[in-house]
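So the structure is just underneath, and the comments pick up after that.
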Amino acid sequence: MAEFRRKKRLGEMLIDEGVITDEQFEQVMEIRKANPEKKIGEIVVESGMATEEQITRALSNQLHIEMVTPSLMDIPAEITGLMTGAQCRKYEAIPFEVDELMNVVKVAMADPDNMNAVDDIHLITGKEVETYIATARDISLALDKVFGNAEAMNVAEQFTKEREAMYGTEEEGGVDNLSNSPIVLLVNQMIESAARLGTSDIHVEALETKVRVRYRIDGALYEQITYDAALQSAIIARLKVMGGMDIAEKRKPQDGRITSIVDGVEYDIRVSMLPTVYGEKCVMRLAQKQALTRDKSMLGFSDSEMKVFDHILSNPNGIVLVTGPTGSGKSTTLYTALSELNTEDVNIITVEDPVEANINGINQVHVNAKAGLTFASALRSILRQDPDIIMIGEIRDGETAGIAVQAAITGHLVVSTLHTNSSAATVSRLLDMGIESYMLSDALVGVIAQRLVRRLCTECKRAREATESEKQMLDVDPAEPLTIYEPVGCPKCNGSGYKGRIGVYEIMEVTQELKHVIAIGGSAEEIKEQSIKNGMNTLHMAAGNLVKRGITSVPEMIKVSFDS
C-alpha cells in the first residue's frame, strides 16, 4: 500500500475524503505504534475500514492524479518492454502509453508521489514520466498478465540449469533441492497469480512430456502455462513441504493445507495429491478466509427468495438442508446462514470436515476419523452440550441422518448439506438412508437446492433476439419479442465473456400440505409438484429469470437445469 508524503499525510487525506473517521484514524495510529513497520494504508485495509480501491480513489481526488486500471488495458509489447518485469515490480509501476512527439511515457503507479521511483523510471525509459495512480493489486495483476509466463519460464530454466550442474541430466534432484529458490519462487508465483485472477482451483498435472498448470476461474478450466516434465518432481515436492505432507510417499493419495497471504488477503488452500501414470497430480483449492462469511444480500437471492430464506431460518427447531454438487456454493450459503443466526443468546455448535472458516462466537468441531471422531460420534457428544443450533458439514450416512432428525425433533435447529440434484430428490435420499417418512415430515422445515452460473461480462455482453426454441425453454410465447444476451469477450473478462458467478436457487419450504405428501411417502415428482403449487421456483425457472434479466446466458442456464 502506498505511503504518500505531501503537505497532507495519508491519514488526513482519507479523513478529508470521508473514507475513515477521526476515531478510526486514532485506532490506526494505535496499531501503528505496535507495528511501526506497517504502513497506514495497509492497516486501514486489514482492519476492514476501507478497501484498497477506496483509498486509491481518495488519493486520486486529493492529489489530482487520474486513477487508471492497467489490468483492463491491452498494452503493446513495445511499451511494456521499456521496463523489465523486475523493475516494474520494484517500483509497483507499469508503463501503458507513450507520446513519441512529446517523448513522454504514461505510467500507472501505486505511489505516484515516490519521486525516487519516478526519477529512476525516467532514467530507465529515457522519457519524461507522466504519473497516474492505480491500486497495487491491479498493478500486480497487470504485471502477471504481461510478464507472468515469461518470468515463470525464466525461473524454470534457471532451476533446470542449476539441477543439471548439480546432479547431471539423469538425476531428479527434486527432493534434495527443496530449498532451491527458483522452485520456491515458481510455486509462490503460481499461487499469487491464481489468487489475483480469482481462481478457485489450481491443477498441476503430470503429462507424458510436460507439466500442465490450469486454473479454474468462474467454474471453467483454463490452461495457464506448461513446463518441462523434468520440473514435475520438484514442484510437487515443494507443494508437499508447504502442505505438511510426506515427501517420500509417492504411491498413495495425500491431503494437506497451506495458508498464504496474497496482496494482504489471507487464503486457506486445501492441497490434494493423487498418483497418476506420469507422476503425481496436485489440485489446490483456494478460499479466502473471509469470503465464506458474507452478507446474505450478496448471495444472489431475489426478493421473494430472500423472504422464504429468512422465514425458513426463523424456525426454532427442525432441519434446514442445502443441497447441490461440489463447488455449487453450499458452504457459503451455510456459513452465511450461521452468521445470520449467530447472536449472544444462542449456543451454536458445528461439526465439519474440515472447518472451512472460523466464526467468532461459534463452537466448531473438526472431524478426525483416525481418532474415532466421526460426524455421528461428534453429534452424540454435541447433543450433551446444550446446543440451540447445530451445523453438520455434510450428512453422509444413515447414522448421521438419524441423529440429525432426532436432534431436530427434540427442539434443535439443524443445518446441513447433502449431495442431491434437486430439493424434492433430497427427501427421497433421506428416506433411502432409512429415515421414517413420518419422522422426516415432522423434522424437515426447508431445503435449498443451488447451483452457480457465470455472470455475463457487463462490458462486452451482446444483445440479440431469442430464437423460437430458446423462448420455448424460457417458457415465453414464441410470438412475443424477447431480448437475451450472449458472451463476447474483452480484456476485463480475459476474453471469456463472463465475469464472476451468481447463485441459482430452488427453495422448498415445507408447508403443512408438503408435510402430508412426505408423510405418506410421496414420490420426488409429487413433492416437486406440491412445492411448485406452494410457489417454489425450480432451478430451471430461477436460471431462466437470470437469462431474461440479461445476467447470464442460455448455455449457462442449460448447464444447471439440464435434467429439467
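Kindly indicate whether any position in the range 245-256 is within 30 Å of Ile139 (Cα to Cα), surrounded by fewer than 16 Cβ atoms within 10 Å (Cβ to Cβ) and in contact (Cβ under 8 Å) with a residue 40 or more places away in the chain. So far as the range 245-256 goes, no, none of its residues is within 30 Å of Ile139 (Cα to Cα), surrounded by fewer than 16 Cβ atoms within 10 Å (Cβ to Cβ) and in contact (Cβ under 8 Å) with a residue 40 or more places away in the chain. Of all residue pairs spaced 6 or more apart or on separate chains, those with beta-carbon atoms under 7 Å, a first member in the range 1-24 that is at pLDDT below 85 and a second member that is open to solvent by 50 Å² or more (accessible area, probe 1.4 Å) and part of a loop (DSSP other than H, G, I, E, B) are Met1/Lys39; Glu3/Lys39.
Screening Arg238 against (1) assigned to a helix (DSSP H, G or I); (2) farther than 15 Å from Phe159 by Cβ leaves a single unmet condition, (2).
Scanning the range 103-137 for residues that are acidic (Asp, Glu), open to solvent by less than 60 Å² (accessible area, probe 1.4 Å) and modelled with pLDDT of 90 or more yields one hit, Asp120. Check whether at least one residue in the range 473-487 is more than 30 Å from Ile75 (Cα to Cα), in a helix (DSSP H, G or I) and free of Cβ contacts under 8 Å to residues at least 60 places away in the same chain, and report yes or no. There is no residue in the range 473-487 that is more than 30 Å from Ile75 (Cα to Cα), in a helix (DSSP H, G or I) and free of Cβ contacts under 8 Å to residues at least 60 places away in the same chain. Here Ile518 passes the criteria (1) open to solvent by less than 50 Å² (accessible area, probe 1.4 Å); (2) under 19 Å from Arg451 (Cβ atoms) except the one numbered (2). If only residues of the range 455-469 that are over 22 Å from Gly300 (Cβ atoms) and acidic (Asp, Glu) are counted, the one that is most open to solvent (accessible area, probe 1.4 Å) is Glu468. Hey, could you check the range 341-377 for residues that are hydrophobic (A, V, I, L, M, F, W, C) and in a loop (DSSP other than H, G, I, E, B) and say which is most open to solvent (accessible area, probe 1.4 Å)? The qualifying residue most open to solvent (accessible area, probe 1.4 Å) is Val346. Residue pairs whose Cβ atoms lie under 8 Å apart, separated by 6 or more positions or on different chains, with the first residue in the range 216-231 and modelled with pLDDT under 90 and the second aromatic (Phe, Trp, Tyr) and open to solvent by 40 Å² or more (accessible area, probe 1.4 Å), are Ala229/Tyr278. Please verify whether Ser423 is open to solvent by less than 60 Å² (accessible area, probe 1.4 Å) and either hydrophobic (A, V, I, L, M, F, W, C) or more than 34 Å from the chain's Cα centre (by Cα) (or both), treating the condition exactly as stated. So Ser423 does not fit the description; no. Number of residues in the range 14-50 that are outside any helix (DSSP H, G or I), of a type in the set (D, E, K, R) and farther than 17 Å from Gln62 by Cβ equals 2.
Scanning the range 378-401 for residues that are open to solvent by 70 Å² or more (accessible area, probe 1.4 Å) and part of a loop (DSSP other than H, G, I, E, B) gives Arg384, Gln385, Asp386, Arg396. Which of the residues belonging to the range 56-102 are assigned to a helix (DSSP H, G or I) and open to solvent by 50 Å² or more (accessible area, probe 1.4 Å)? Result: Arg57, Asn61, Leu72, Ala77, Glu78, Ala86, Gln87, Arg89, Lys90.
Of the residues making up the range 236-253, those that are under 23 Å from Ala195 (Cβ atoms) and in contact with a strand residue (DSSP E or B) (Cβ under 6 Å, 6 or more places away or on another chain) are Ile236, Leu239, Met242, Gly243, Gly244, Met245. Here Met439 meets each of (1) open to solvent by less than 20 Å² (accessible area, probe 1.4 Å); (2) in a helix (DSSP H, G or I) with one exception, condition (1). Only a single criterion out of (1) under 16 Å from Met13 (Cβ atoms); (2) touching a helix residue (DSSP H, G or I) at 6+ places or on another chain (Cβ under 7 Å); (3) in contact (Cβ under 8 Å) with a residue 24 or more places away in the chain is not satisfied by Ser60, namely (2).
The values are calculated or read from the model by the stated rules, or taken from the named source; none is laboratory data. Please read these numbers as outputs of a predicted model, since none were measured by experiment. In this analysis, Cβ positions are derived from the backbone assuming ideal geometry, glycine residues included, and neighbour counts consider all displayed protein chains. Only protein heavy atoms, including side chains, enter the accessible area calculation; ligands, DNA and RNA are left aside. Shrake-Rupley method; radii C 1.70, N 1.55, O 1.52, S 1.80 Å.
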